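Below is one structure, written out as structure tokens, with a few remarks after it.
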Amino acid sequence: MEWTESLATALKYIEDHIYEDIHADDLTDIVYMSSFYFQKGFKIITGYSIGEYIRCRRLYLAALDIIDGNDKVIDLAYKYHYDTPESFTKAFTRFHGISPMQLKKDNRKLKPFLPLRISITIQGGNEMDYTIEHMEAMKVIGFIKDIKQETAYQDIPQAWNELTKIYCEQPNEFTELKKTCFVGEFGICIDDGSVKDGFQYLMAGRYHGEEVPRGMIVYNIPESTYVKFRCSGPLPAALQSVNTQIYKEWLPQHPEYVFEGCMNLEWYSKGDMSASDYQSEIWIPVKKRG
């Protein structure tokens, strides 16, 4: 299933099951794509996480129910998968700017949220710098954290800040490994199903058999074919820009490839990450469609 077709299929599934309990894994099962890659691409293309999109659709439909009928708040709360009438009212008010009771009296303040339709226009002029190459397995060592998909953009920078604090402390076993293994060379997202509605994030360097300090892990990067996208410019803007291009341009232009596996890697060179010529890369395992 091609990328744009996968998005359209997922959106249709959401509409067909909007009153049912929907999880991100339900969507990735029907589009045959890693949960991590699909959720990331969905947010880049639509501007919403899967959970946000479903909530917005339900709150709009709930508003229509209020205008058209005599449903009680408690009934609407359970219909649209809220645990209590209070949590429903709070979410409803945050979304529409007025409470359910206020909307009943004045429906002019209804906030529409119609189903999305996918239309990706491929434009030239921004040639991507990438290679596709086979890589042998390698081991990395680092610190791992559980990350929720919807708060990833806040949680990942916080994880790096915590790592920086560790290195700023008095010399210790961690600071020594930073020198020998360059822990911080890679940022690795691992979606192996161990974190509900999220993934594991590993801040790592190359492992050469050193003693593993408490609080760190060794992880095996499997042998695979990777597409490596080169990024030039200050972080995080350069990586974010290329990530957007990957899902809006590269995937639609290369339907012969599919992202596989349960991880992707970001590689960081040594140097000033705020420099205009700073170099980094995004590595994603791929395979050709059968």
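The values are calculated or read from the model by the stated rules, or taken from the named source; none is laboratory data. Keep in mind that this is a model prediction, so the values were computed, not measured. For neighbour counting, all protein chains shown are included, and Cβ atoms are generated from backbone atoms with ideal geometry for every residue, glycine included.
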Residues located in region 260-290, provided they are basic (Lys, Arg) and loosely packed, with under 12 Cβ neighbours inside 10 Å: Lys270, Lys288, Arg289
Given (1) at pLDDT 95 or above; (2) within 27 Å of Tyr13 (Cα to Cα), number of the condition Arg117 does not satisfy: (1)
Residue check, Thr164 at pLDDT below 95 and under 30 Å from Ile18 (Cα atoms): no
Selection from region 167-196 of residues that are touching a strand residue (DSSP E or B) at 6+ places or on another chain (Cβ under 8 Å) and either of a type in the set (Asp, Glu) or closer than 19 Å to Asp146 by Cα (or both): Val183, Gly184, Glu185, Phe186, Gly187, Ile188, Cys189, Ile190, Asp191, Asp192, Ser194, Val195
Candidate set: region 1-27, residues that are in a helix (DSSP H, G or I) and among the hydroxyl-bearing types (Ser, Thr, Tyr); chosen: the one modelled with the lowest pLDDT: Thr4
Hey, Lys104 in contact with a Gly (Cβ under 8 Å, 6 or more places away or on another chain) and at pLDDT 80 or above or not: no
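Tell me, please, whether a residue that is in a strand (DSSP E or B), of a type outside the set (Ser, Thr, Tyr) and out of contact with any Cys (no Cβ under 7 Å at 6 or more places or on another chain) can be found in region 194-201. Talk me through it step by step, then tell me what you get.
So the first thing to find is which residues in region 194-201 are in a strand (DSSP E or B), and the list is 198-201.
Restricting the remaining residues to those that are of a type outside the set (Ser, Thr, Tyr) gives 198-200.
Subset that is out of contact with any Cys (no Cβ under 7 Å at 6 or more places or on another chain): 198, 200.
The answer is yes, given that some residue of region 194-201 is in a strand (DSSP E or B), of a type outside the set (Ser, Thr, Tyr) and out of contact with any Cys (no Cβ under 7 Å at 6 or more places or on another chain).
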Those residues of region 1-23 which are within 14 Å of Lys248 (Cα to Cα), polar (S, T, N, Q) and without any contact (Cβ under 8 Å) to a residue 60 or more places away in the chain, in sequence order: Ser6
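To keep it simple, each residue is scored yes or no on (1) crowded, with 16+ Cβ neighbours inside 10 Å; (2) assigned by TED's automatic domain parsing to the domain that holds Lys248; (3) in contact with an Asp or Glu (Cβ under 7 Å, 6 or more places away or on another chain).
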{"position": "Ala10", "(1), (2), (3)": "yes, no, no"}
{"position": "Tyr19", "(1), (2), (3)": "no, no, no"}
{"position": "Ala24", "(1), (2), (3)": "yes, no, yes"}
{"position": "Asp29", "(1), (2), (3)": "no, no, no"}
{"position": "Ser34", "(1), (2), (3)": "yes, no, yes"}
{"position": "Gln39", "(1), (2), (3)": "yes, no, no"}
{"position": "Phe42", "(1), (2), (3)": "yes, no, no"}
{"position": "Gly47", "(1), (2), (3)": "no, no, no"}
Check on Ala238, among the small types (Gly, Ala, Ser), surrounded by 17 or more Cβ atoms within 10 Å (Cβ to Cβ) and on the phi < 0 side of the Ramachandran plot: yes
Residue within region 204-224 that is modelled with pLDDT under 90, more than 27 Å from Gln154 (Cα to Cα) and in contact with a Pro (Cβ under 6 Å, 6 or more places away or on another chain) present: no
Condition met for Thr164 (over 21 Å from Phe229 (Cβ atoms), surrounded by fewer than 19 Cβ atoms within 10 Å (Cβ to Cβ), without any contact (Cβ under 8 Å) to a residue 40 or more places away in the chain and under 25 Å from the mean Cα position of the chain (by Cα)): yes
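Can you list the helices (runs of 4 or more DSSP H) found entirely within region 28-147 that contain at least 2 residues being more than 30 Å from Ala204 (Cβ to Cβ)?
Because the criterion is at least 2 residues that are more than 30 Å from Ala204 (Cβ to Cβ), the helices (runs of 4 or more DSSP H) in region 28-147 that meet it are 50-68, 73-79, 85-96, 100-105.
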Residue count, region 246-267 (criterion: aromatic (Phe, Trp, Tyr) and touching a Phe, Trp or Tyr at 6+ places or on another chain (Cβ under 7 Å)): 2
Region 49-82, subset among the basic types (Lys, Arg) and either surrounded by fewer than 20 Cβ atoms within 10 Å (Cβ to Cβ) or free of Cβ contacts under 8 Å to residues at least 40 places away in the same chain (or both), residue nearest to Thr9 (Cα to Cα): Arg55
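Among the residues of region 207-255, how many are part of a helix (DSSP H, G or I) and of a type outside the set (A, V, I, L, M)?
Final tally of qualifying residues: 11.
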